[in-house]
Amino acid sequence: MRRPSLDEALLVVKAAVATVIAWVITTRFMDSPTPFYAPLAALLVVDRTIVRSLGQSVRRVIGIGLGMALAWLVGTTLGVSWWSMLLVLVCALVIGRWPHLGDSGIQVPSMALLSLLTAGGTDTDFTALTMLETLIGAVVGIAVNVLVMAPLHVQGPREQVRDYTRRVRGLVDQIADGLRGDWNVDSVRQWYRYADALHDDAPGVFDQIELGRESQRLNPRGRIRRLDPAWDGYRETVEGLRRVTWHVGGLTRTLRDNLDDPDHGTRPSREFLGGVANVLREVSGAFDDFGWPDEGAHRSVGSRLEGALQQLDDLATVLHESPLDDPRAWPVHGALLHDCRRLVDELRLRADDAVMPPTDATAD
């Protein structure tokens with residue numbers, strides 16, 4: 001079972017504190033007969049970023065207002081009966097599916113039904129008190145989220161980007177070493193599965209980057225610490241690596257499918273695979289400086305990738321000038337060269353805009 005992080009634990013504590021504060025306010029200072037709207041609102045608006053807390057509170061208040069307004073409209077004009085209740089619920093459920101309300105859409109039918117059942121939809125005092133309690137709860141939840149260690153997610157996304165880079169490089173190194181040794185179809189299948197898993201992990205890293213970017217908006221802690229992470233650069237780094245995993249997956253898929261074909265499959269020559277391994281080694285070496293901002297790092301990455309392209313050109317020349325013993329081997333050799341070239345091109349395309357997060361938590 002995954003252990004909760006410090007941020008998650010703090011979020012739980014703040015939600016509980018906000019809920020209790022909202023309940024105390026409504027019971028001691030408002031003498032509310034139904035003091036559960038404010039605590040519920042406070043509980044639900046404490047979120048992972050201040051922006052999300054604000055958005056959640058606005059959506060919740062709108063959802064409650066729409067539900068109670070619908071109940072009031074029908075209750076005052078048609079009265080409360082089974083068919084008017086059916087009309088209210090149908091309309092409320094349709095309104096609640098409005099995408100901009102998100103999860104708060106459920107508030108529309110819930111509040112419409114509650115208003116009809118408890119006050120016939122016509123009690124102005126009940127409606128006003130409910131709206132006021134909801135607003136108080138939302139304000140309390142936002143205030144607690146802002147004032148008690150406002151959520152600032154910077155280091156987590158940085159670690160995610162660095163970890164993703166390490167894993168992609170590890171796969172490239174593993175394939176380069178494997179192609180020089182006694183690899184087999186089981187090895188290739190393992191490489192392919194890992195490349196596919198890495199490709200699927202990229203959206204999660206993108207989400208963390210966007211969470212970090214969002215956590216700085218309206219956040220007083222962000223101004224105090226004066227952090228300026230290169231979120232767009234981080235995204236370019238991950239996008240380049242994601243595309244690397246795609247082309248590495250294509251390379252391993254070519255080998256796998258070729259070996260799985262008993263009638264037409266052919267194994268590329270050891271010399272050719274050694275050349276492919278050299279190309280992957282150059283790519284792996286480029287990861288040493290990929291995304292670092294200094295000019296020397298950019299030159300190093302460019303030199304590595306140019307070296308990889310030169311080796312691919314040499315491999316293509318050898319294939320052109322030295323016909324293969326088995327003509328059936330041409331497609332697999334061509335596909336491997338194509339995947340390697342696309343892999344290198346993707347890194348070259350993003351080398352200038354990619355940014356690798358610093359290991360120092362206070363730097364960028």
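Values in this text are rule-based calculations from the coordinates and carry no lab data. The structure displayed is predicted, hence computed values, not measured ones. Cβ placement follows ideal geometry from the backbone for every residue including glycine, while neighbour counts extend to all protein chains displayed.
Observations on the model:
- Convex hull per residue volume in Å³, alpha carbons only, for the stretch 6-147: 89
- Calculated mean residue ellipticity, 222 nm, the chain: -26000 deg cm²/dmol, from DSSP H runs (n ≥ 4) at -39500 (n - 2.57) each, averaged per residue and rounded to 500.
- Mean separation of Cα contacts under 8 Å, 6 or more apart, over the residue count of the chain: relative contact order %: 17
- Compared with the dominant Cα axis of the chain, that is its longest principal axis, helix 295-321 is turned about 50°.
- Distance histogram in 10 Å bins (all Cα pairs of the chain, percent per bin): 5, 19, 20, 15, 14, 12, 9, 5, 1, 0
- Between helix 6-28 and the chain: long-axis angle, C-alpha atoms, 0 to 90°, nearest 10: 10
- Segment residue 148-residue 292, length gained on full extension (0.36 nm per residue, minus Cα span): 48.4 nm
- Given the chain, longest segment not containing exposed loop chymotrypsin sites (Phe, Trp or Tyr not before Pro) (DSSP; at most 15 other Cβ within 10 Å): 37-364
- Inter-label distance, nm, simple model (7 Å from Cα along the C-beta direction), residue 34/residue 306: 7.4
- On the basis of the beta-carbon distance and an R0 of 41 Å, residue 125 and residue 217 show a calculated FRET efficiency of 0.60.
- Local electrostatic count at residue 297 - Lys and Arg +1, Asp and Glu -1, tallied over other residues with Cβ under 9 Å: -3
- Label-point separation, residue 353 to residue 185 (7 Å along Cα→Cβ), nm: 4.2
- C-alpha center-to-center spacing [the stretch 263-309, the stretch 19-85] in angstrom: 59
- Added length on full extension, which subtracts the Cα-Cα distance from 0.36 nm per residue, residue 9 to residue 313: 104.0 nm
- Extension gain, residue 17 to residue 97: 0.36 nm times the residue separation minus the Cα-Cα distance gives 25.7 nm.
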